[in-house]
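Written out below as structure tokens is the structure these notes cover.
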């Protein structure tokens with residue numbers, strides 16, 4: 001005859017039928033095993049860090065995070081910059097200023 005392992009629901013149903021003292025003894029028995037299993041699982045999933053990241057790498061990560069956050073001052077400042085266009089020359093800026101003054105004051 002083949003026996004099957006009880007399901008979780010069956011085990012929980014049986015555990016709920018125990019007296020509070022028996023439930024406490026069951027927990028006393030289970031907690032060390034659960035703690036060991038959890039520690040092993042965390043050790044397997046936690047990345048192994050041999051050395052801390054360099055300050056330059058940390059700054060790069062922070063800069064990228066600020067650049068991609070739309071409400072950050074860095075993202076707003078970068079949005080002002082033209083993409084793929086050269087910066088205006090001093091002569092162009094002077095010409096624009098003169099044009100604006102002419103429009104505004106007729107000078």
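Applying 1/(1 + (r/R0)^6) with r as the Cβ-Cβ distance of residue 13 and residue 33 and R0 = 30 angstrom yields a FRET efficiency of 0.90. With 0.36 nm allotted per residue and the present C-alpha distance subtracted, the residue 63-residue 104 stretch has 10.7 nm of extension available. Note on the range 1-37 and the range 79-100: Cα centroid distance 75 Å, given to the nearest whole angstrom.
The numbers here are math on the coordinates, done by the rules we state, and not lab data. As the structure is a computational prediction, the values presented were derived from the model and not from experiment. Backbone-built Cβ (ideal geometry, glycine too); neighbour counts: all protein chains shown.
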